[in-house]
């Protein structure tokens with residue numbers, strides 16, 4: 001299109017290439033986080049956030065490469081579904097993890113839920129407060 | 001079957017969303033497909049009846065667009081923050097579970113806030129107390145009380161933004177009073 | 001250039017998958033493994049996306065959606081199941 005050596009096509013290609021590499025790096029970030037974080041709840045951060053951004057970048061790359069406006073709605077819908085489902089599954093896993101005491105207490109600087117949970121447990125009269133596994 | 005009839009106006013956002021999904025999947029926004037999609041959306045909404053989401057009755061597009069942009073930027077920041085923490089801090093990272101009482105008691109706003117919170121940097125919803133609408137949030141890299149206060153303020157600000165977009169009129173005026181005083 | 005991108009992303013994604021599989025193998029608890037499996041599905045989705053972008057087709061789109069739905073339903077179900085089982089006294 002342009003007389004310059006840098007045509008619009010090449011720019012789009014370059015942008016999508018960058019998106020793809022960064023998107024793949026986000027997966028790597030999730031993996032590194034999974035390996036290096038100490039407890040389940042910190043690992044959840046690593047598992048959820050880079051996935052959302054990674055999928056966003058990769059879907060954008062697909063949209064850019066297809067060179068067609070009609071694919072964008074599908075991609076946006078796919079991403080919105082991801083946005084809606086990822087926090088839900090993360091919350092479910094996190095809640096189960098907290099309730100089954102998969103926490104390392106020494107890695108928390110404060111825990112304001114513990115008092116509430118213990119209060120509720122005392123009200124219920126259950127006595128399994130000592131079991132805090134790792 | 002005793003079900004409350006819901007007005008078409010209340011159902012409209014759901015129907016519009018279903019039509020958009022339908023057309024996006026077909027990659028065809030022609031009038032025929034739109035009509036057929038609307039038909040299917042109505043049939044689906046009638047057949048698979050779900051309790052209606054109680055909307056605030058208003059939606060401020062002017063506020064929604066900047067909010068969406070800020071949200072996108074925050075998603076990017078969140079990922080890079082996780083990457084940084086994973087590489088630099090790793091096993092030594094400190095976190096905290098913090099209780100954040102929300103202003104709004106509507107299910108929609110609490111859900112929306114929880115979703116946004118889960119996606120912005122360093123926070124994740126662990127538990128929700130629906131009766132007092134309190135979110136219990138796990139924050140990563142929260143070392144002391146100052147960090148916790150900052151996270152709490154972040155969450156409250158996010159909720160304020162969502163209230164400005166789609167809260168009820170009472171919530172907005174309460175928010176205005178709170179900011180003004 | 002696309003060939004180079006393909007190589008780089010393939011290497012990066014393989015490394016990521018390897019790390020996640022290590023976490024699945026090592027993971028101290030069931031929930032860790034579920035989380036890691038979820039991320040593994042995410043990496044699979046990323047690979048599908050890159051295939052689509054490089055080869056310029058949309059055939060994998062439905063597969064991508066199916067994969068993410070499986071990840072979602074799977075982790076929610078397992079989280080539910082774990083929470084239910086552990087609530088009974090003395091077990092771990």
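Values quoted throughout were computed directly from the atomic coordinates according to the rules given, and no laboratory measurement underlies them. Worth saying up front: this structure is predicted, and the values here are computed from it rather than measured. FYI the Cβ positions are ideal-geometry reconstructions off the backbone, even for glycines, and counts take in every protein chain you see.
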Self-check item: Relative contact order of chain C, defined on C-alpha pairs under 8 angstrom at six or more residues apart (%)
Solution: 25
Practice problem: Using Cα centres only, tell me the gap between region C:35-50 and region C:4-21 in whole Å. | Solution: 11
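Taking N as the number of residues in chain C, what is its Cα Rg relative to 2.2 N^0.38 Å? Working shown, then result.
Numbers: Rg = 16.6 Å, N = 92, 2.2 N^0.38 = 12.3 Å.
Here the Cα radius of gyration is 1.36 times the empirical estimate.
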Quiz prompt | Degrees between helix C:61-87 axis and first principal axis of chain C (Cα, 0 to 90, nearest 10) | solution = 10
Quiz item: Angle between the Cα long axis of helix B:145-166 and the longest principal axis of chain B, 0 to 90 degrees, nearest 10?
Solution: 20
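Within 10 Å of each Cβ in B:113-122, how many Cβ atoms from other chains are there, averaged over the peptide? Don't skip to the end; give the middle numbers.
Working: counts 0, 3, 6, 2, 1, 12, 8, 1, 2, 2.
Going residue by residue through B:113-122 and averaging, the value is 4.
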Practice problem: Take chain B, connect every pair of alpha-carbon atoms lying under 10 Å apart with a spring to form a Gaussian network, then pick out the residue of B:60, B:141, B:33 with the largest mean-square fluctuation. | Solution: B:33
Self-check item: Packing-based exposure ordering (other Cβ within 10 Å, fewest first) of B:132, A:85, B:158
Solution: B:132, A:85, B:158
Self-check item: 10 Å Cβ neighbours from other chains, averaged over peptide A:55-65
Solution: 6
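Sort B:166, C:62 so that the residue with the fewest other Cβ atoms within 10 Å of its own Cβ comes first and the one with the most comes last. List each step's numbers first, then the result.
Values: B:166 20, C:62 12.
By the 10 Å Cβ count, ascending, the order reads C:62, B:166.
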Quiz item: Where does the Debye-calculated log10 I(q)/I(0) of region B:61-179 sit at q = 0.09, 0.10, 0.12, 0.16 Å⁻¹, using only Cα point scatterers of equal weight, no solvent?
Solution: -0.25, -0.31, -0.45, -0.78
Quiz prompt | Residues of region A:57-88 with amide N under 12 Å of a point placed 7 Å along Cα→Cβ from residue B:111 | solution = A:84-85, A:88
Quiz item: Using the alpha-carbon atoms, what tilt in degrees (0 to 90, nearest 10) does helix B:107-119 show relative to the longest principal axis of chain B?
Solution: 50
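Using only atoms on other chains, find how many Cβ atoms lie within 10 Å of each Cβ of peptide C:60-72 and report the average.
Working: counts 1, 8, 3, 0, 7, 6, 0, 0, 8, 2, 0, 5, 8.
Shielding by partners across C:60-72 averages 4.
Which of B:113, C:7, B:134 has the fewest other C-beta atoms within 10 Å, and how do the rest follow up to the most?
Sorted ascending by nearby Cβ count, the order is C:7, B:134, B:113.
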